[in-house]
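See structure below.
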Amino acid sequence: MSNDSKMTINLLLLGRTQSGKSASGNTLLGSIDFASCLSLRSVTTSCSLGRSCNISGLARRSGSQLTVQLQVLDTPGYPHSCLSKEQVSQEVKTALAHHFGEKGLHLALLVLRADVPFCKEEDDHTTQFVQELLGPKWKDYTAILLTHADRVEKAKFNTEEYLHNASDTLQKLMQSVQQKYIFIDNQATILKEENLRALRKILEFLRQNNYQTIVFK
Ligand SMILES: Nc1nc2c(ncn2[C@@H]2O[C@H](COP(=O)(O)OP(=O)(O)O)[C@@H](O)[C@H]2O)c(=O)[nH]1
Ligand SMILES: [Mg+2]
């Protein structure tokens, strides 16, 4: 947090290529900062930081309104179509230290597609990657962002029931991160509503973790 009336929130997007990280970054920021498109290869090859404008009406401190600014770090993603795990990890670590440094990271959003089953092998890769990056307390600083919520809706599923029938692997991961998850539709017709709904949930997760951060040096 930077001063009494402004809160800066630092977020990190992680997840495999084509999961919707860059599109989610844009939805959260209410911008088109990050390149996002359908592709048979990884589109993002280096980290980039996007900042939202100052948002009011989202949070209060001691009865006073706070303005909130989001800083979102988009990453190349892992698994990646041309970078190794070590290359992605090094790129993300350097960017975390550079952009968030001593202020630290509030929350990593592990981006998964809500319309694709999450399997054991992917879980092993993904959680190991997040763990190596964020350290032993990774579960307190990670939430699951389920993109393509529009597909779930189109199939006329209620999101909670849909999640209830998810693979054991996904359910176990959800439990590990204390059920911190958000469904997001990056193609929503009213993106502003989607943006505010997601931001409110993120703020609730940060409050539950006492606004603590992981510092990177
Ligand atoms: N229908 C739908 N498509 C999405 C959603 N999120 C992302 N996409 C699409 O998925 C593709 C990959 O998205 P991108 O953000 O580039 O993925 P990244 O590689 O993880 O950064 C793009 O064609 C996006 O338009 C979503 O919530 N719903
Ligand atoms: Mg991307």
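Each value in this text was obtained by applying a stated rule to the coordinates, not by laboratory testing. All figures in this text were calculated on a predicted structure; none of them were measured in a lab. Counting neighbours? That spans all protein chains shown, and the Cβs are built from the backbone with ideal geometry, glycine included.
Using all Cα-Cα distances in the chain, what percent lands in each 10 angstrom bin from 0 up to the longest? Using 10 Å bins, I get a P(r) of 8, 36, 39, 15, 2 for the chain. Only aspartates and glutamates eight or more places from LYS21 in sequence, or on another chain, were considered; those with a Cα closer than 14 Å are ASP33, ASP74, ASP185.
Modelled label positions at CYS37 and LYS103, each set 7 Å beyond Cα in the direction of Cβ, lie 3.2 nm from each other.
Going by the alpha-carbon gyration tensor, a ≥ b ≥ c the square roots of its eigenvalues, is the range 124-216 rounded (a/c under 1.5) or, if a/c is not under 1.5, prolate (a/b greater than b/c) versus oblate? Verdict is oblate for the range 124-216.
Given Cβ point charges of +1 (Lys, Arg) and -1 (Asp, Glu) and nothing else, what value in debye, to the nearest 20, does the dipole of the chain about its Cα centre take?
500
For the pair the range 164-179 / the range 79-104, the C-alpha centres are spaced 26 Å from each other.
For the residue pairs LYS6/LYS180; LYS137/LYS192; LYS103/LYS217, alpha carbon separations beyond 22 Å are given by LYS6/LYS180; LYS137/LYS192.
Name the most mobile residue of GLY30, GLY20, GLY63, meaning the one with the largest mean-square fluctuation, in a Gaussian network model of the chain with Cα contacts below 10 Å. Of GLY30, GLY20, GLY63, the most mobile in the Gaussian network model is GLY63.
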